[in-house]
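The values are calculated or read from the model by the stated rules, or taken from the named source; none is laboratory data. All values reported here derive from a predicted model rather than from experimental measurement. All Cβ positions, even for glycine, are placed from backbone atoms using ideal geometry, and neighbour counts span all protein chains on display. To get the accessible areas, we keep the full protein, side chains included, count just its heavy atoms, and leave off ligands, DNA and RNA. Shrake-Rupley method; radii C 1.70, N 1.55, O 1.52, S 1.80 Å.
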Amino acid sequence: MRRLLLLTWLCVTGTAFAEAPRLERSEPANGATDVKPDVGVLRLVFDRAMKQDSWTLWTSEQGKLPPLEEGNNAPWRSPRVFELRVGAMVSGTTYALQLNSPTRQGFQAQDGTALPITVLVFTVAHGEDAGLSLVGTWLFRDAEAEIVATFLEDGTFTRIVKTEEGVEKGKGTYKWAGGRLHVRPEDDEPLEFALCFIDANTLELTEEDGNGLRFERQQVAKKPDGGEKKDAPASDPTQWKNYTDLLPDMKQVKPGGVGNILYVRQEMVPVPELGAGQTIPVGKIFLMTGDGRGQVPFIAPGTFVQAGTPWWSLDGRRIAFTCDFEMARSALFSDVFVADLEKGYIHRLTGNEWHPGSTNGYGSIIGVVRQWPIEQVRGLQQVNISHQGGNGVVHKLKGVRTDRQGQEFAGEYYYTIDNVPAGKIWVKCWVSRHIGALKIVDVLPGRETLVETMDLMEGNRLASHPSLTPDGRYCVGLSQHAYYNPAEKVKECGFDTIAVMDCENPAMPVGIWEPTKMQGQYAKQPKLSRDGKWIAFAMGDFGAESIAVCTLESMIRGAPQVRVVVPGQKILGSHTVGGSSPDWSRDGRQIVFVRHMVSTQGFTGNLCVVNTDGSGLRQITQVAMNQCPGTPSWSPDGRRIACHLVTSHNPALNITDILMGQAISDIWTVGADGSDPRQLTNDGRSTDPAWGP
């Protein structure tokens, strides 16, 4: 096998008549089998003064090349001492480094006599022999799963595995010896892994098929009293960024009386780039009392920052909402935020934002953004790029991608980013809500890593429609995919699915609705019951959705036990009857929802109330053919229901009326029986009420 020349500064043929120099000793010693993985330096000591302007290092078949660090340009410490800085080495691995070769002889005595070919061989001790400890909590995380394993000194372990299918917990016993980890779960077959410590806080478990999982130790910190406690994990809310800029005056809320209503108002924002007098609607969250008084902006950050789908806890302590504030910090285009009005903090729940924690160093990334189809190509400055751990910094494209002959690739542009945290992170690009892409990349420390090509037509991920359990532990929301359909040349938002997040560690959903396991049915507009035990949602084909419920516990288990409360209907011809936007009464016995009819002439709908067992279905409103209510919300005392009412300027209501500005929307309330309707707003741009204390 041809050997690779690593580094040769000078090649001088040695003389055969002088006595050859030799390697007197080395650190680690040649043949050592107990070398620590973090030794840091390889030191070579020769028996005489050597030339300090030359050396030759080669690989050897006797072992793996040690991980030489950059910056070894001046390794001579004295005429006899040669040092190389090395990175962390893997436990149980044999390393080899050859000095000189038959044709390259950079190591020479000062009289020009070459060092004979010498091979330094040593083996890094297995973790248990190197003074490393397995005891503690270890975390593995990638785009598909999260594993938390805790090993105790008594030889027992616990594990938690989170995937899209749900959460699996287990425990058992373990034994670590000879570089092998023997695991015996209580509820499964025994397992065996090769265990290698990368460093004291990083280990890799390798299965028989060669697949390896890299775990990071969760750090331990000293208590003030001298004891020890585990640091909060990287996702601990106490370490999250506090987005108080989103809600600078939390004392605006005055609980009591008729309660308070959060709602979304579309503010018309001028966009000079679109032409004189041109505007676009941007959603902001407003606050008013339950009878419509004191309408003021509540969550309204930035000119072009969207906020929507507000939710209020029964005790009035927590508010959840959707917002695209500082989206460069998130893998999503729009995220769920949670505000604790008592503690005075707001944090981003979704999007796998980077939180404080240890890193494995830094590397760089390089990749390509494809702007397809060609007629959708934007300028370099219109495409934004960010990555996990980038502190919200937005990067731009560098230039057009070319081949080796300088030929340009149409619609393809490249980017490079330095100082990227090592490990598996997300990288995303975006132009607008529907145009963007997201990739997961495993960044190598100290190296440049290639990111898979991002196609702007792939679209962005969104989170919306949050509601929380009473203790704030779990959040149920909607996961969506917004994209541009080049064939139809329209913007679409599809692939709706319900996701359950653990608010204490939301990196991965602990439960998710999988249409492939639910007869192809998509679910949307989820809402938790007031006791946090049930989820109501709309399910099925557009226009013929059923109102259904399932337990939160079954969703977390990955096996939703669905019960249809009000089935959707497909009537002869093109008519459909469906349900949307369910909300629970305070006592959890009733559900209010919108029952709509869709036909070729348009759509209309009314508010209906039904008992949770499907009995007692009744329509409580009667609106005109050019109207349809939406997003009903029970008042805290259960006596009234708030909703928005869309009214078309045309005889019948169509989706295009809303998109083209031919319809208005305002907030109304009605009695729980449909009596005494009251209009609260009169701006024509208000939607999505959430009624709180």
(request) Could you run the Karplus curve 6.51 cos²θ - 1.76 cosθ + 1.60 with θ = phi - 60° over segment 56-64 and give me ³J(HN,Hα) per residue in whole Hz, x for Gly and Pro? (result) 9, 10, 10, 6, 9, 6, 7, x, 7
(request) Just order 45-57, 428-440 by mean Cβ neighbour count inside 10 Å, highest at the front, would you? (result) 428-440, 45-57
(request) Multiply the residue separation of residue 160 and residue 394 by 0.36 nm, subtract the distance between their alpha-carbon atoms, and state the gained length in nm to one decimal. (result) 80.7 nm
(request) Please give the FRET efficiency for residue 599 paired with residue 192, using the beta carbon to beta carbon distance and R0 = 45 Å, rounded to the nearest 0.05. (result) 0.10
(message) Please give the charge dipole size of segment 155-198, origin at the Cα centre, charges +1 on K and R Cβ atoms and -1 on D and E Cβ atoms. Round to the nearest 20 debye.
(response) 320
(message) Compute for the chain: radius of gyration divided by Kirkwood radius, i.e. Rg/Rh, restricted to C-alpha atoms, rounded to two decimals.
(response) 1.08
(request) Round to the nearest 0.05 the FRET efficiency obtained for residue 48 and residue 27 when R0 = 22 Å and r is the Cβ-Cβ distance. (result) 0.75
(request) Please state, rounded to one decimal and in Å, the Kirkwood hydrodynamic radius that segment 247-325 gives when every pair of distinct Cα atoms enters the mean of 1/r. (result) 13.7
(request) Order the peptides 646-653, 74-81 from the highest to the lowest mean number of other Cβ atoms within 10 Å of their residues. (result) 646-653, 74-81
(request) Answer rounded, prolate or oblate for segment 510-639, using the Cα gyration tensor with square roots of eigenvalues a ≥ b ≥ c: rounded when a/c is under 1.5, else prolate when a/b is larger than b/c, else oblate. (result) oblate
(message) Just to be sure I understand the model, the point goes 7 Å from the Cα along the line to the Cβ. What's the resulting residue 81 to residue 293 distance in nm?
(response) 8.3
(request) Note down the accessible area of residue 453, probe 1.4 Å, to the nearest 10 Å². (result) 50
(request) Using only the alpha-carbon atoms of segment 588-692, report the extent along each of the three principal axes, biggest first, to the nearest angstrom. (result) 39, 29, 20
(message) Taking the Cα centre as origin and putting +1 on Lys and Arg beta-carbons and -1 on Asp and Glu beta-carbons, what dipole magnitude results for segment 640-693, to the nearest 20 debye?
(response) 40
(request) Obtain the nm distance between the two label points defined at residue 662 and residue 561 by a simple spin-label model: each point lies 7 Å from its Cα along the Cα-to-C-beta direction. (result) 4.8
(request) Quantify, in whole percent, the carbon and sulfur part of the accessible surface of the chain (1.4 Å probe; protein heavy atoms only). (result) 50
(message) Suppose R0 equals 22 Å. What FRET efficiency, 1/(1 + (r/R0)^6) with r the Cβ-Cβ distance, do residue 252 and residue 682 give to the nearest 0.05?
(response) 0.55
(message) Suppose each label sits 7 Å from its Cα in the direction of the beta carbon; what would the residue 133-residue 366 distance come out to in nanometres?
(response) 4.3
(request) Could you tell me the distance between the Cα centroids of segment 435-487 and segment 577-627, to the nearest Å? (result) 32
(message) How would segment 400-525 be classified by its alpha-carbon gyration tensor: rounded, prolate or oblate, with rounded meaning a/c under 1.5 and the a/b versus b/c comparison settling the rest?
(response) oblate
(request) Heavy atoms only, probe 1.4 angstrom, no DNA, RNA or ligands counted: give me 348, 329 ranked by accessible area, highest first. (result) 329, 348
(request) Let me know the charge dipole size of segment 575-679 about its Cα centre in debye, to the nearest 20, where only the beta-carbon of Lys, Arg (+1) and Asp, Glu (-1) is charged. (result) 100
(message) Could you compute how fast segment 17-122 diffuses translationally, taking Rh as the Kirkwood radius over C-alpha pairs and applying Stokes-Einstein at 10 °C with viscosity 1.306 mPa s? Give it in µm² per second.
(response) 113
(message) With a 1.4 Å probe and all protein chains kept in place, how do 95, 483 rank by accessible area, largest first?
(response) 483, 95
(request) Could you pull the accessible area for residue 207 with a 1.4 Å probe, rounded to 10 Å²? (result) 80
(request) Using only the Cα atoms of segment 59-119, build the gyration tensor, take square roots of its eigenvalues as a ≥ b ≥ c, and label the shape rounded, prolate or oblate: rounded if a/c is under 1.5, else prolate if a/b is larger than b/c, else oblate. (result) oblate
(message) If I stretch the segment between residue 442 and residue 343 completely, what's the gain in nm (0.36 nm per residue apart, minus their alpha carbon distance), one decimal?
(response) 32.0 nm
(message) Under the 0.36 nm per residue contour assumption, what length would be gained going from the current alpha-carbon distance of residue 619 and residue 62 to full extension?
(response) 192.4 nm
(message) Once you compute Rg and the Kirkwood Rh from C-alpha atoms, what is the Rg to Rh ratio for segment 147-207?
(response) 0.97
